[in-house]
Amino acid sequence: MKFVGFKIIFIIALSLMGSVVNSEETSDFRLPTNFKPVSYELNVVTHLEDKFMFEGVVCIRMICVGATDTIVLHSTSLNIDTKSVVVANGGENVIPVSSVSFDPDKELMHVKSTVNFKPCDEYLLTIPFTGNLTDDSVGYFRRNYVDKESNQTRWLAITYFEPLGARRAFPCWDEPGYKATFKIRLSHKKGLTSISNMKFMNQINCPSNSDYVVDEFEESPPMSTYLLVYMVSDFVYTEADSENDQVKYRIICKKDLANKTEFAINLGPKALKYHEDYFDGKFPLHKQDMANIPDFPTDSMENWGLATFREGVLLIDLDVTKTVIVYDIARCITHELAHQWFGNLVTMKWWTSLWLNEGFAEYAGLRGVDFLFPESKYFQVQCVEFFLLALDFDSLQTADPLSVAIEKPDDIAPISLYPIMFTKGPILLHMMNTVLGEKTFKQGIRNYIRKYKFSNAEQDDLWSLLTEEAHRQGTLDKNLTVKQIMDTWTFQAGYPVLNVVRDYSAGTVILSQERYLSIKSNGTDNKTCWWIPINMTTSGDVNQTNATFWLNCENNNLTIPLANDNEWVIYNMQMTVLFRVFYDTRNWMGIICTLNDPTKYETIPTLNRVQLILDSLSFSQVGDMDYEITFQLLKYLKYEKDYTPWLAALTGWREIDYLLYRTPKHAVFQNNMRDMLSCMYSKFRNIDEKVNGYENINFKILVISRACEYQTKDCIQRVLDLFRKWMKSVDPDNNNIVPKDLKTIINCYAIQYGGADEWNFLWERFQRSNLTSEKNDMIYALGCSSIKALLLRYLNWSLDESIIPREYASAVLSPVMVNEAGFLVAKEFLYCKIADIYEYDQRQGNSLVEFVNNIASQMKTKEELKEFQSFIIKSSRYFKEPDLVINQITETINKNIEWTLKFYNKITNTV
Ligand SMILES: [Zn+2]
């Protein structure tokens with residue numbers, strides 16, 4: 001939920017760190033390169049309801065590339081009768097098989113022959129197999145739902161293969177570099193339907209079972225195994241009036257959601273057209289389906305020609321769904337459609353380039369939504385949100401680079417969860433776009449898609465085509481390559497701070513860089529350096545953006561002339577590059593003077609005001625800049641009318657806010673925040689009044705939520721009045737009078753400032769609602785209570801599936817954690833129930849690590865550190881890597897202790 005801010009995402013991100021890649025540990029789990037698959041024929045019979053299993057035969061045509069007597073491919077969790085494996089040569093003469101064996105650790109299957117396979121010869125490998133359709137979340141698995149009309153449970157079978165799932169569904173060369181064509185036939189009971197990547201061709205009766213039919217699909221172009229998909233269900237189809245006659249666009253979902261497809265079915269063809277124009281290439285397949293799957297393991301998956309979405313991520317009721325979620329869904333659809341070219345038509349050679357695959361799709365998704373909804377300012381708002389996350393997360397010593405060596409299967413999954421994948425990647429691509437210019441960037445991408453279509457590529461291939469185009473168009477110095485620049489950003493963790501030191505008497509400025517670290521206990525890092533594109537503007541001529549030049553390792557400490565009658569200089573115009581800028585005090589004071597002049601502050605571009613706020617707060621927090629200066633800067637907010645600077649300021653304040661929780665001075669802080677917000681609050685205080693546009697809606701949500709949080713009486717009263725009016729309505733489940741966009745915050749603050757009656761009312765609504773998005777809102781709001789007994793009972797319920805369904809349980813903790821009353825309750829709950837939490841998490845320990853990091857983020861005394869360390873030591877059996885957990889919590893709590901010692905008195909006297 002967006003209004004919580006980034007703290008939670010950040011904490012979750014922290015808990016994932018350390019589990020990521022250890023590149024020194026290598027293994028030989030990659031497939032040997034003796035064979036290259038050319039085409040697959042895959043026949044799968046799906047048995048639902050009675051047996052929950054599948055039977056299949058895969059027939060793989062392949063070419064021998066290096067002499068060997070053994071074929072090695074992936075297979076795991078399948079039952080294979082080794083005697084039925086057949087190898088034949090190109091002429092379909094059988095070649096004797098001496099043994100078939102399995103290596104479960106590496107998920108490999110070895111088919112050994114008595115003769116040697118010859119390079120350049122073609123062979124045919126046929127493997128019959130069976131497997132179980134379980135409740136798993138990878139491979140070919142089952143899901144169910146209750147049909148509303150008949151009230152009966154219905155089953156479906158669906159695949160999810162990225163990254164290593166295909167080998168669980170059929171034996172194959174399950175690495176993205178092995179592209180081949182696929183001819184798929186799916187058998188299933190009559191009355192059900194099947195879909196796959198490619199267009200349906202025909203159906204015949206199953207020769208061996210009169211209850212079954214066989215569906216045949218077109219043969220695919222060459223593609224990677226992780227992008228395959230098939231599904232058997234009783235779902236219905238809605239077809240779009242396509243803007244593009246050659247591509248059939250359909251939404252597939254259970255029957256009772258068919259009236260919620262309007263948004264997706266209208267947006268899809270427009271987004272496809274946008275991408276076709278961007279890539280300057282027709283959509284590569286004949287159809288594009290999007291399926292809405294109950295309890296799908298991830299938000300969405302870009303399978304070629306049939307993208308799959310978790311319920312709630314694709315279909316919406318425009319009257320009920322919050323505007324911010326509508327835009328998120330638009331981005332998700334546009335992201336998955338961008339993959340149809342970038343990722344599916346051209347695929348990464350290996351998982352090391354996953355960041356580029358996801359980073360580009362996300363960037364294209366943002367750009368696409370911005371194009372389709374031009375009034376929204378979507379790109380600008382999202383850019384700021386991405387910067388907030390990346391600047392924070394990537395400032396830790398323990399951060400990982402985007403491009404990481406991946407050697408073994410276990411390395412891949414954590415990478416795909418790595419939060420900067422979806423933030424730093426798009427930021428870097430945007431940097432290259434602004435440095436090279438849209439024309440060069442777009443042409444470079446088009447050249448890349450054209451050159452590598454139906455094939456594989458890696459980041460260097462894209463860099464080289466961008467360089468070629470930039471040199472051709474004269475947008476990049478001939479002595480410089482995109483690779484030189486981008487390698488410093490993708491192979492190194494972190495980002496730089498640009499130090500700007502002016503010599504006012506000499507009329508010069510000296511620029512230098514070092515890595516920016518938000519925790520300095522381990523010293524500074526001035527060995528790492530980046531190619532930083534530098535541009536600037538001055539108070540002397542605010543309209544002039546100086547041309548870009550480069551700061552790099554060779555010319556660190558660059559001296560350039562700057563007239564001393566300029567009050568100030570500002571670098572990184574429009575915040576297009578990921579770095580912070582540290583100015584000398586005189587320059588800061590010049591900037592502050594302009595900001596605090598209501599007639600002048602807008603001469604500094606909005607995104608630069610955002611950067612000034614973010615940087616000054618962060619510099620003060622690490623002790624590099626006096627809070628006094630930052631507060632003087634923030635005073636200008638009384639004039640600020642734009643959303644993103646407020647978002648930056650209020651998110652930046654969050655850290656301080658949390659550190660003041662449970663201290664005598666927190667009330668003083670809240671008081672001051674109230675004053676600062678009062679002007680904006682009076683603009684938005686009429687809760688019922690509708691505001692339009694993505695940016696304005698976000699602005700209103702932010703202001704109302706913070707005004708209520710900082711105990712603005714008028715805000716609390718209005719929220720309670722509205723909520724209580726809803727409580728009194730005749731049919732509250734079908735007559736929710738709370739404005740849809742404000743539901744989350746109104747529910748939360750009504751629960752926080754209300755009592756048991758409000759809590760019980762909302763709990764009843766949660767139980768009765770059948771809308772996932774509504775239920776998510778309510779489960780969050782119920783954790784906002786200030787009544788400790790209610791919170792404790794609520795946390796206990798989160799471990800009891802009969803009270804809170806498992807899919808909602810994980811959402812219980814975060815509101816309790818960010819709630820001032822909730823911290824002690826959550827801590828006690830952790831201390832008493834650690835064994836139960838561990839069991840509930842199916843002995844994974846993932847929820848526990850997240851929980852522990854959340855608790856640590858709010859501890860700030862030596863006593864708390866000691867107490868928590870000994871608790872973790874005592875409970876070490878519940879953690880996979882207890883030492884890592886101890887290091888993480890120690891680092892976090894020490895940072896808080898240090899801050900409190902240095903700044904607590906100072907800040908509470910100043911704010
Ligand atoms: Zn993606």
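The values are calculated or read from the model by the stated rules, or taken from the named source; none is laboratory data. Because the structure is predicted, anything quoted here is derived from the model rather than measured. Cβ sites come from the backbone with ideal geometry, for glycine too, and all protein chains shown count toward neighbours.
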Pairs, please: C-beta under 7 Å, at least 6 apart or cross-chain, first residue in contact (Cβ under 8 Å) with a residue 40 or more places away in the chain and closer than 19 Å to Met431 by Cβ and in the range 351-376, second aromatic (Phe, Trp, Tyr) and near the ligand (Cβ under 9 Å from one of its atoms)?
Glu358/Phe422; Glu362/Phe422
Note down all Cβ pairs under 8 Å where the first residue falls in the range 115-133 and is over 18 Å from Ser39 (Cβ atoms), the second is of a type in the set (Lys, Arg) and surrounded by fewer than 21 Cβ atoms within 10 Å (Cβ to Cβ), and they're at least six residues apart or on different chains.
Leu133/Arg142
Would you kindly identify the strands (runs of 3 or more DSSP E) lying entirely within the range 557-675 that contain at least 2 residues that are more than 30 Å from Thr900 (Cβ to Cβ), at pLDDT 95 or above and out of contact with any Lys or Arg (no Cβ under 8 Å at 6 or more places or on another chain)?
569-571
Would you be able to say whether some residue in the range 740-761 is touching an Asp or Glu at 6+ places or on another chain (Cβ under 9 Å), modelled with pLDDT of 95 or more, of a type in the set (Phe, Trp, Tyr) and within 21 Å of Asp295 (Cα to Cα)?
no
Set Leu354, Leu345, Leu314: member being within 28 Å of Glu458 (Cβ to Cβ), touching a strand residue (DSSP E or B) at 6+ places or on another chain (Cβ under 7 Å) and either at pLDDT below 95 or away from the ligand (no atom under 13 Å from the Cβ) (or both)
Leu354
Restricting to the range 326-342, and then to whatever is over 14 Å from the mean Cα position of the chain (by Cα) and surrounded by fewer than 21 Cβ atoms within 10 Å (Cβ to Cβ), can you tell me which residue is farthest from the ligand (Cβ to nearest atom)?
Val326
So Phe441 ticks every box in (1) crowded, with 19+ Cβ neighbours inside 10 Å; (2) closer than 23 Å to Trp304 by Cα; (3) without any contact (Cβ under 8 Å) to a residue 60 or more places away in the chain but one. Which box is left unticked?
(2)
With a cut-off of at least 3 residues that are closer than 30 Å to Ile412 by Cβ and hydrophobic (A, V, I, L, M, F, W, C), name the strands (runs of 3 or more DSSP E) lying wholly within the range 176-218.
181-189
Condition first: in contact (Cβ under 8 Å) with a residue 24 or more places away in the chain and outside any loop (DSSP other than H, G, I, E, B). Now tell me which residues in the range 464-482 satisfy that.
Leu466, Glu468, Glu469, Ala470, Gln473, Val482
Yes/no for Asp277 being within 16 Å of the ligand (Cβ to nearest atom) and surrounded by fewer than 19 Cβ atoms within 10 Å (Cβ to Cβ)
no
Taking Asp299 as meeting all but one of (1) within 16 Å of the ligand (Cβ to nearest atom); (2) at pLDDT 95 or above; (3) surrounded by fewer than 22 Cβ atoms within 10 Å (Cβ to Cβ), write down the number of the exception.
(2)
Within the bounds of the range 449-460, is there any residue that is of a type in the set (Asp, Glu), under 30 Å from Ser220 (Cβ atoms), touching a residue at least 12 places away in the same chain (Cβ under 8 Å) and outside any helix (DSSP H, G or I)?
yes
Going through the range 357-378 in order, the residues found to be among the hydrophobic types (A, V, I, L, M, F, W, C) and within 15 Å of the ligand (Cβ to nearest atom) are Phe360, Ala361, Ala364, Leu366, Val369
Single unsatisfied condition, Glu554 versus (1) surrounded by 21 or more Cβ atoms within 10 Å (Cβ to Cβ); (2) without any contact (Cβ under 8 Å) to a residue 40 or more places away in the chain
(1)
When the residues of the range 832-867 are narrowed to those that are in contact (Cβ under 8 Å) with a residue 12 or more places away in the chain and over 28 Å from Pro414 (Cβ atoms), which ends up nearest to the chain's Cα centre (by Cα)?
Lys860
Answer yes if at least one residue in the range 516-524 is in contact with a strand residue (DSSP E or B) (Cβ under 8 Å, 6 or more places away or on another chain), without any contact (Cβ under 8 Å) to a residue 12 or more places away in the chain and either over 22 Å from Leu402 (Cβ atoms) or surrounded by 17 or more Cβ atoms within 10 Å (Cβ to Cβ) (or both), and no otherwise.
yes
State whether one or more residues within the range 135-143 are polar (S, T, N, Q) and either outside any loop (DSSP other than H, G, I, E, B) or touching a strand residue (DSSP E or B) at 6+ places or on another chain (Cβ under 6 Å) (or both).
no
Being within 18 Å of Pro664 (Cα to Cα) and outside any helix (DSSP H, G or I): is that true of Lys860 here?
yes
Need the failing condition index for Asp211 against (1) free of Cβ contacts under 8 Å to residues at least 24 places away in the same chain; (2) of a type in the set (Asp, Glu); (3) within 16 Å of the ligand (Cβ to nearest atom), just the number.
(3)
For Tyr278, the lone unmet condition from (1) over 22 Å from the mean Cα position of the chain (by Cα); (2) at pLDDT below 95 is (2)
Flag for Asn909 being modelled with pLDDT under 90 and either closer than 28 Å to Lys520 by Cβ or under 25 Å from the mean Cα position of the chain (by Cα) (or both)
yes
Identify, from the list Lys728, Lys740, the residue that is within 19 Å of Asp319 (Cα to Cα), basic (Lys, Arg) and surrounded by fewer than 22 Cβ atoms within 10 Å (Cβ to Cβ).
Lys740
